[in-house]
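Read the structure below first, then the notes.
The values are calculated or read from the model by the stated rules, or taken from the named source; none is laboratory data. Keep in mind that this is a model prediction, so the values were computed, not measured. Using ideal geometry, Cβ is built from the backbone for each residue, glycine included, and neighbour counts are taken over all protein chains shown. We work out accessible area using only protein heavy atoms, side chains counted, and drop any ligands, DNA or RNA first. Shrake-Rupley method; radii C 1.70, N 1.55, O 1.52, S 1.80 Å.
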Protein chains: 2
Amino acid sequence: MNPTHNRKKDMTRDQIVRAAIQVFGGKSYLEANISEIAQKAEVAEGTIYQHFKNKEDLLFFIPRERTAAFCEGLELHLQGIQDASNKLAKFAWYYLYFFKENPEYARIAMLELRVNKNFQKTKGYRLFRGWSDALLDIIKEGQEEGTIRADMDPHIVQELLLGVLEHYVTRWLLKDEKWDLLEFREHAVDLVLNGIRARDVQGTKGEAARKEKPSEITSSQKKTFKNKQMV
Amino acid sequence: MNPTHNRKKDMTRDQIVRAAIQVFGGKSYLEANISEIAQKAEVAEGTIYQHFKNKEDLLFFIPRERTAAFCEGLELHLQGIQDASNKLAKFAWYYLYFFKENPEYARIAMLELRVNKNFQKTKGYRLFRGWSDALLDIIKEGQEEGTIRADMDPHIVQELLLGVLEHYVTRWLLKDEKWDLLEFREHAVDLVLNGIRARDVQGTKGEAARKEKPSEITSSQKKTFKNKQMV
DNA sequence: TCCCAAAACTGAATAGCATTCATTTTTAAA
DNA sequence: TTTAAAAATGAATGCTATTCAGTTTTGGGA
């Protein structure tokens, strides 16, 4: 009952979790094995089962700590930004920045947790997705401000942004982090925020928008992407 | 050497693959077991290992057949559509339609293959991503036509669209297919094609665009999405 | 400082599942 | 009908998560 009571236990649990992040982050869930985690954590294999029900339970525990770190950083980075669009841009930047800085956790989050049906039911998942409410609020704020299209359900917009960001991180991981995750941020975010269709569809001005920038940027970028085998 | 030689073998292989789609499509790769696949395919467990190196090899073989079916259907559905934007919209529809009709394969493709690093190196992967070149061509076509923003690398646009579509399918699967995958198509595609930011940013017309549609649609949709727990 | 009961930890034993392989059955050309 | 090669079989193997009976550590009380 006394807070000192579980201090020792907590320390070993932390050791186990830290080792688990390393091991799960370095290979797939299947390839990772408990014995290696135990060795890295300097505990017996049996000890792990005193802290976690099983291998999956250990995996699902991982996001708790990192989500807290993510949220703290997010809050800090959004401070002082007024406009919703700028907040969204900053959010996208921070999201990519965070996973770039935490590649082991990124692999666990994107390649294991994100597609695991069982994870959806856990406590860790609620934390993992908890901050996405904040994103929703920013979108609503932008719709009220008039800087974000109001004829769309904010949930759809939220899904769009998350989908794109998660997709980019996933592709980056699968390509062995060969390219810089932040390099594409500006273009991708610009696309999401501005849309890909030329400006003459709903609008009244046709030709002007159409020919905005011909192709200098395009052609030079094409080469970059080809080399880096993004797809 | 004679084509008749392997006919029998091919038949059992097909049986195994069909059983594998059912079993892998019903539970996770980890939870699925070879014995169940063997039982469903009405062969001995050992037989599977005469056709496939191991469990993973069997999983990776699955997309070969379905990718062909996907491409055939895609080609058919794009026929007769001239405009690149319409083609993209049709592509998005077909993509979602295909996975809606093939939920077992969808689970295998989105929740297992898509995030598997080893899969990226296989023959099956090249087929799996092969059709995405067609998508790229449509985007380039649209840029030349002037219907799609030309100041963007088409690869980025391609990633955006694929990312959003894959994300929607993934979320749908994780939520037990509770909602209709096609229900969100129009809005999501519209967002991708038109962008989420209000039209007054680059343009010259400010206030007019801002207030386009106030919020009737928004509020009614909000309810829908809340109930369906999309996020 | 020593005692001891509860809390933690340990690692050998167990169990489940993928994979192997020696053997049997089937195939189809001669 | 014969027979050698091709396929199929399933019991045996090995690997790894999980269990559990036993050992060590902890920390409050005498």
For this session: Equivalent ellipsoid semi-axes for region A:75-131, as square roots of 5 times the alpha carbon gyration tensor eigenvalues: give them largest first, rounded to whole Å.
Result: 25, 14, 9
For this session: Would you please name the trypsin sites (Lys or Arg not before Pro) within region B:84-182 that are DSSP coil residues with at most 15 other C-beta atoms within 10 Å of their C-beta?
Result: B:Lys117, B:Lys175, B:Lys178
Problem set entry | Approximate spin-label separation A:Gln120-A:Met11, in nm, with each point projected 7 Å along Cα-to-Cβ | 4.1
Exercise. Roughly how crowded by other chains is peptide B:185-194, in terms of the mean Cβ count from those chains within 10 Å of each of its Cβ atoms?
Worked result: 5
Exercise. Over 28 Å between Cα atoms, which of A:Lys53/B:Lys27; A:Lys55/B:Lys123; B:Lys90/B:Lys121; A:Lys100/B:Lys140; A:Lys55/B:Lys175; A:Lys40/A:Lys123 qualify?
Worked result: A:Lys55/B:Lys123; B:Lys90/B:Lys121; A:Lys100/B:Lys140
Exercise. At a Förster distance of 41 Å, what's the computed FRET efficiency of B:Gln79 paired with A:Leu78, Cβ-Cβ distance as r, to 0.05?
Worked result: 0.30
Exercise. Based on the Kirkwood radius over alpha-carbon pairs, what value in µm²/s does the Stokes-Einstein equation return for the translational diffusion coefficient of region A:60-211 at 20 °C and 1.002 mPa s?
Worked result: 128
Problem set entry | Sequence-distant residues sharing a close amide H with B:Ile148 (under 5 Å, placed H) | A:Ala198, B:Gln143
Exercise. What does the average come to when, for each residue of peptide A:162-170, you count the partner chain Cβ atoms lying within 10 Å of its Cβ?
Worked result: 6
For this session: Using a 1.4 Å probe over the heavy atoms of the protein chains, calculate the carbon and sulfur portion of the accessible area of region B:1-102 as a whole percent.
Result: 48
Seminar exercise, completed: If each part is reduced to its alpha-carbon centroid, region B:101-138 and region A:176-190 end up apart, in Å, by 22
Seminar exercise, completed: Note on region B:62-196: contact order normalised by length, alpha-carbon pairs under 8 Å, 6 or more apart, percent, works out to 34
Seminar exercise, completed: Copies of B:Gly146 compared via label points 7 Å along Cα→Cβ give distances in nm, shortest first, of 3.1
Exercise. How much length is gained on full extension from A:Asn33 to A:Asp176, taking 0.36 nm per residue of separation minus their Cα-Cα distance?
Worked result: 49.3 nm
For this session: Would you mind calculating the gained length between A:Lys100 and A:Gln50 on full extension (0.36 nm times residue separation, minus the Cα-Cα distance), in nm to one decimal?
Result: 14.7 nm
Problem set entry | 3J(HN,Hα) from dihedral phi, region B:90-96, Karplus parametrisation 6.51/-1.76/1.60, rounded to Hz, x for glycine, proline | 5, 4, 4, 4, 5, 4, 5
Exercise. Quick one: label points 7 angstrom along Cα→Cβ at B:Lys123, distances to the other copies in nm, smallest first?
Worked result: 4.9
For this session: Give the residue from B:Ile108, B:Ala150, B:Leu74 lying farthest towards the positive end of the charge dipole for region B:62-196; charges sit on Cβ (+1 for Lys and Arg, -1 for Asp and Glu) and the dipole is referred to the Cα centre.
Result: B:Ile108
Problem set entry | Probe 1.4 Å, protein heavy atoms only - accessible area per residue of region B:62-196 in square angstrom | 35
Exercise. When the convex hull of the Cα atoms of region A:7-137 is projected onto a plane and the area is averaged over all directions, what value comes out in nm²?
Worked result: 8.7
Exercise. Using 7 Å Cα-to-Cβ label points, what is the A:Ala134/B:Trp93 separation (nm, one decimal)?
Worked result: 4.0
